[in-house]
Structure formats: structure tokens, C-alpha cells
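> Please find one structure pasted underneath; my questions will follow.
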Amino acid sequence: MKTRIATIVSLCLAIQFAVHGQTLETSSARYNDTNYALYLDSQAYSVTPLDTSVFSVTYDLAIMVDTLKRETFNSMYILLVGSHVNKFLPFAKFTYDRYTRKSPYNFGGDMIHNQHHVFYYEAIYQDRRTGMTTITERLCEDDFITTEDTPVQEWTITSHRKDIGEYECNLAECDFRGRHYYAWYAEDIPMPYGPWKLGGLPGLIVSAYDSDHQYEYSMVSVEQSLWPIFRTDYNYIEADRRRLNRQVNEILHKPLVYMDKHFHLTTRRVDPGSLFKERDLVYQYDAIEKD
């Protein structure tokens, strides 16, 4: 399987570089990102090149933000599959980074401004050469970085099959970081990857969700691409994964309290007592990792 995947990756790289190194626009670029709230400061940061994508996979993530009312919030994510590094991040952040680096004001494209999702966002880098995964997370004005061995799920492949779109998919399930996951994967797409930290199946994960349906990923598209994979050199704070998860839960459950405590540059102090009356500023769900 690994040989087959390596052959496909090499073939696609050869084909795309033959097209004069052209960046292949994906249909994902047509998604409207104007609904994403972003935070901007005046600094610019360098970037560290890591790889170039061979494929890009877009996923829709439905998060059940209120388990009592069964309310969901949808956002787009993108998985960039390189020859040795994969990167998974919000599509809005990917789009912003891409266009910011093209700006003539960014010193030839090697710098990027510090714009992020308000509250929280995460980018995951899996290096297949070293077997290590690096996670960068933004909480208000602070950037955190953690490193771990690339997680390996112990999947149980079932006999269940169904068609999802044009792909015939098989069902697998596993326990991972405090949740029980179901994943439908397509052997017709021979890449053992998937959304977030899920992977290791004999085909691309087309759909994945936990048993409580709090987090549900659905593949939108898979395409050949030629995007740069890089990590922005923010002023990272090294953190422990479990401690950082506790902070994520704090910002999800009490976002305004967290913002009032951690926004260092703002000139306006929020009053959590008055602002907490707003229903849409309180979230009724936990971070994806429970342990």
C-alpha cells in the first residue's frame, strides 16, 4: 500500500511540475470566507517552508454547539497532502494566508500578517519522515505549539459498506482521545489520511464522526493541487497538550470571560456579567479531545 501511495504521489508531482510549475486552483477556493470572524494585529511574521501539496481535500465540519437544542455550526477545513508533510487547518485561514503572502506589501511573499479566527483555531502538521505531529493553536492573542508522536488509531474494520457520493466506502471504528469514532473510507482513493488527527485506514476518510455526533466531518472534494505547505513563525508558547485542551474548553464554555482575562492589547475591557446574557456567546460543547 505504501509503495502504491508513493507511486501516485510521485506521478502527480511529475505531472504538475510539467505544467510549468503552475498552481492549480481548486474548486475549494470558490467558498465564501466572509462569514469567519478574524482578529488582526499590526505585526508581520516570517514563514518556514515545509513541503508542497500534491492533493488537497476539503471537509465540512459540523459541530453541535448546543447538545440540548441540537444546534450545529458548520465550517470548512482543508487537508493539504504533501510528499512528506500533511497540514490540516481551517479553510478561511488557508485562504487568508495564501492571499496575504501574495501581497506586494509582504516583502516578496515571505512574511505574513498575524490574522486569526477570534477565540480559537488549530493547525496540524504531520511529518511522515519523522513520525511527529506538530500542532499550533491560537487562543485570543496567544499562539501555542505542541509536539507529539503522530497519533495512531486502533481501527476495527467492519463489514458495513455504503456509497457516499461516487465512492464505495467501508466503515471502521475506534476509540481515540476520549471519544468513539466512526469513519467511512474509500479504497478508491488510496491515501491513508483523513480530517484532523484521524488516519491510518486503507483509503481516504470520506466521513468521520464521534458517537455523540458532536463533531462530524464530511468530505467535499479531493483534488490535485500545488499549494505551499508552511508554518508561520508566530511567537509560540510551548504547551502541554492536556493543559491546552483545558484552556480550549474554557474558551468554548466561557469565551468572554476568557477574552477578558487573556486579551492583552485591547483597550476595551469587557463586562462578562452583562455580555454573558447573549446566548450566541456561550457554547455548550467540549473540545474534540477529552483526554
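> Can you pull out every residue in the range 238-253 that is closer than 28 Å to Gly82 by Cα and open to solvent by less than 70 Å² (accessible area, probe 1.4 Å)?
Across the range 238-253, the qualifying residues are Ala239, Arg241, Leu244, Asn245.
> Are there any pairs, at least 6 apart or on different chains, whose C-beta atoms fall under 7 Å, with the first in the range 154-179 and closer than 17 Å to His213 by Cβ and assigned to a loop (DSSP other than H, G, I, E, B) and the second open to solvent by 50 Å² or more (accessible area, probe 1.4 Å) and acidic (Asp, Glu), and if so, which?
From residues that are closer than 17 Å to His213 by Cβ and assigned to a loop (DSSP other than H, G, I, E, B), the pairs are Arg177/Asp291; Gly178/Asp291.
> Among the strands (runs of 3 or more DSSP E) contained in the range 194-291, which hold 3 or more residues that are at pLDDT 90 or above and touching a Leu at 6+ places or on another chain (Cβ under 8 Å)? It would help to see each step written out before you state the result.
Numbers: elements: 204-210, 215-224, 228-232, 236-238.
Per the criteria, 215-224, 228-232.
> So, one more: Could you give me the residue pairs with C-beta distances under 8 Å whose first residue belongs to the range 87-102 and is farther than 18 Å from Pro195 by Cα and in a helix (DSSP H, G or I), whose second residue is among the polar types (S, T, N, Q) and modelled with pLDDT of 85 or more wherever it lies, and which are 6+ apart or on separate chains?
Asp97/Thr232
> As an exercise: evaluate Thr147 against (1) under 17 Å from Arg231 (Cα atoms); (2) open to solvent by less than 80 Å² (accessible area, probe 1.4 Å); (3) of a type outside the set (Phe, Trp, Tyr); (4) at pLDDT 90 or above and give the number of the one condition it does not meet.
(2)
> A further question on this structure: State whether one or more residues within the range 51-71 are closer than 21 Å to Glu137 by Cβ and surrounded by fewer than 16 Cβ atoms within 10 Å (Cβ to Cβ).
Looking through the range 51-71, none of the residues is closer than 21 Å to Glu137 by Cβ and surrounded by fewer than 16 Cβ atoms within 10 Å (Cβ to Cβ).
> Here is a further query. Would you check which residues across the range 138-153 are of a type in the set (A, V, I, L, M, F, W, C), touching a Phe, Trp or Tyr at 6+ places or on another chain (Cβ under 6 Å) and in a strand (DSSP E or B) and list them? Lay out the reasoning, then the answer.
Applying the first criterion (of a type in the set (A, V, I, L, M, F, W, C)) to the range 138-153 yields 139-140, 144-145, 152.
From what's left, touching a Phe, Trp or Tyr at 6+ places or on another chain (Cβ under 6 Å): 139-140, 145.
Hits for the range 138-153 are Leu139, Ile145.
> So which residues in the range 64-93 are over 13 Å from Arg231 (Cβ atoms) and of a type in the set (A, V, I, L, M, F, W, C), if there are any at all? Even if it seems obvious, please write down each step before you answer.
The first filter runs over the range 64-93 and keeps only residues over 13 Å from Arg231 (Cβ atoms), leaving 64-79, 81, 83-84, 90-92.
The answer is Met64, Val65, Leu68, Phe73, Met76, Ile78, Leu79, Val81, Phe91, Ala92.
> So, in the range 180-196, of the ones that are without any contact (Cβ under 8 Å) to a residue 24 or more places away in the chain and surrounded by fewer than 24 Cβ atoms within 10 Å (Cβ to Cβ), which residue ends up nearest to Glu223 (Cα to Cα)? Before the answer, list the steps.
Step one: list which residues in the range 180-196 are without any contact (Cβ under 8 Å) to a residue 24 or more places away in the chain, which gives 185-188.
Keeping just the survivors that are surrounded by fewer than 24 Cβ atoms within 10 Å (Cβ to Cβ) gives 187-188.
Values: Glu187: 16, Asp188: 14 Å.
Among those that are without any contact (Cβ under 8 Å) to a residue 24 or more places away in the chain and surrounded by fewer than 24 Cβ atoms within 10 Å (Cβ to Cβ), it is Asp188.
> For the range 53-108, which positions are β-branched (Val, Ile, Thr), modelled with pLDDT under 95 and over 23 Å from Asp233 (Cα atoms)? Even if it seems obvious, please write down each step before you answer.
Taking the range 53-108 first, the residues β-branched (Val, Ile, Thr) are 54, 57-58, 63, 65, 67, 72, 78, 81, 85, 95, 100.
Next cut, modelled with pLDDT under 95 only: 63, 65, 67, 72, 95, 100.
Those that are β-branched (Val, Ile, Thr), modelled with pLDDT under 95 and over 23 Å from Asp233 (Cα atoms): Ile63, Val65, Thr67, Thr72.
> Something else now. Check the range 162-178 and report whether any residue there is open to solvent by 10 Å² or more (accessible area, probe 1.4 Å), hydroxyl-bearing (Ser, Thr, Tyr) and under 19 Å from the mean Cα position of the chain (by Cα). Steps first, please.
Let us first name the residues in the range 162-178 that are open to solvent by 10 Å² or more (accessible area, probe 1.4 Å), namely 162-168, 170-171, 173, 175-178.
With hydroxyl-bearing (Ser, Thr, Tyr) added as a condition, the list becomes 167.
Retained after the next criterion (residues that are under 19 Å from the mean Cα position of the chain (by Cα)): none.
Taking every residue of the range 162-178 in turn, none turns out to be open to solvent by 10 Å² or more (accessible area, probe 1.4 Å), hydroxyl-bearing (Ser, Thr, Tyr) and under 19 Å from the mean Cα position of the chain (by Cα).
> Are any residues in the range 69-83 in contact with a helix residue (DSSP H, G or I) (Cβ under 7 Å, 6 or more places away or on another chain) and in contact (Cβ under 8 Å) with a residue 60 or more places away in the chain, and if so, which ones? Don't jump to the end; show me each part of the working.
First, the residues of the range 69-83 that are in contact with a helix residue (DSSP H, G or I) (Cβ under 7 Å, 6 or more places away or on another chain): 76-78, 83.
Within the range 69-83, Met76, Tyr77, Ser83 meet the criteria.
The values are calculated or read from the model by the stated rules, or taken from the named source; none is laboratory data. Fair warning: this is a prediction, and the values are worked out from it, not measured in the lab. Cβ atoms come from the backbone with ideal geometry, glycine included; neighbour counts cover every protein chain shown. The area values use the complete protein model at the heavy-atom level, side chains included, leaving out ligands, DNA and RNA. Shrake-Rupley method; radii C 1.70, N 1.55, O 1.52, S 1.80 Å.
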